[in-house]
Amino acid sequence: MPAALAWTLWAVLLALLAAAVALALWQHARLREARHGESRRLLAQFEALATLLDELALPARLPAITGGAGRPDFLLALARHVWATRPRLVVECGSGLSTLVLARALQQNGDGHVYALEHDQEFAAWLAGELERLGVADRATLLVAQLGALALGGETWPWYAEDTLPAGEIDMLVVDGPPGRLRPLARYPAGPMLFDRMRIGAAAFLDDARRGKERRVLARWTREFPWFRQEWRDTEKGLAVLTRSR
Ligand SMILES: C[S@@+](CC[C@H](N)C(=O)[O-])C[C@H]1O[C@@H](n2cnc3c(N)ncnc32)[C@H](O)[C@@H]1O
């Protein structure tokens, strides 16, 4: 082999080796960064859960936070709003741990009631048992309703087919249902269906607000309900709080 060719091959080999080492170092740094991010995220949730459990002082343990359950930072934000503003009528779309936390916070206030719209009968039966077990059933009503086809703005939306929400102005609204997989912008109907019933100064909480689907819901609400002031809470999944200004 001519010497020039041999040198070229060596140079190529060395360049490849250097590129492989650089790639490995870069991947290692990214992995470390991701691990740090993950442990920071877990620590923040752990701290929120510890604070929540401490302040709720429940007589028995909360059920496990699994699947679609609200994350501790979201649940803590809800409880703090209840303690701070003492709402009387709380409405929730999509029940779960949030219902238990809201009911307990209202019980601690000694005032108020949460009405939770729930499409899944089996889940509602389980949750009713948890409300009893935690001694907060008198502060919450599960409104089990199938998701019917609601016509809005020339489109059809899955929405709770029920008309037993009590009369009166809503002091706090939590939007965490219907399930987002049902159709794009699945939580949009909460705006046209419930915002008009909120009293001035009342707040609506939208969980999962970091997701593209929820961002689009927020953008549409902003266009259609400009008298709701939007505020962002930096929870893990993103929490948007919309306060009625007029
Ligand atoms: C996003 S979840 C609502 C979560 C609830 N607001 C909370 O904070 O726990 C929407 C629907 O999923 C179902 N769901 C609620 N909690 C769940 C859980 N832990 N695992 C699986 N499904 C759940 C219920 O049918 C609920 O209406």
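The values are calculated or read from the model by the stated rules, or taken from the named source; none is laboratory data. From a predicted model like this one, the values you see are computed outputs, not experimental measurements. Reconstructed Cβ throughout: ideal geometry from the backbone, glycine too, with neighbour counts over all protein chains shown.
Of the set (1) under 30 Å from Pro59 (Cβ atoms); (2) in contact (Cβ under 8 Å) with a residue 40 or more places away in the chain; (3) in a loop (DSSP other than H, G, I, E, B), all apply to Pro178 but (1). Inclusion of Ala145 among residues that are free of Cβ contacts under 8 Å to residues at least 40 places away in the same chain and touching a His at 6+ places or on another chain (Cβ under 7 Å) is warranted.
Filtering the stretch 54-76 to residues that are away from the ligand (no atom under 11 Å from the Cβ) and surrounded by 14 or more Cβ atoms within 10 Å (Cβ to Cβ) leaves Glu55, Leu56, Leu58, Asp73, Leu76. Any chance the stretch 181-202 includes a residue that's in contact (Cβ under 8 Å) with a residue 40 or more places away in the chain, under 25 Å from Asp111 (Cβ atoms) and of a type in the set (Val, Ile, Thr)? Scanning the stretch 181-202 turns up at least one residue that is in contact (Cβ under 8 Å) with a residue 40 or more places away in the chain, under 25 Å from Asp111 (Cβ atoms) and of a type in the set (Val, Ile, Thr). A count restricted to the stretch 202-234 and to residues that are more than 18 Å from Asp171 (Cα to Cα), of a type in the set (Gly, Ala, Ser) and surrounded by 15 or more Cβ atoms within 10 Å (Cβ to Cβ) stands at 1. Screening the stretch 95-115 for residues that are among the small types (Gly, Ala, Ser) and either more than 17 Å from Glu162 (Cα to Cα) or more than 8 Å from the ligand (Cβ to nearest atom) (or both) and picking the one that is surrounded by the fewest Cβ atoms within 10 Å (Cβ to Cβ) gives Gly110. Restricting the stretch 124-175 to residues that are acidic (Asp, Glu) and assigned to a strand (DSSP E or B), the residue that is modelled with the highest pLDDT is Asp171.
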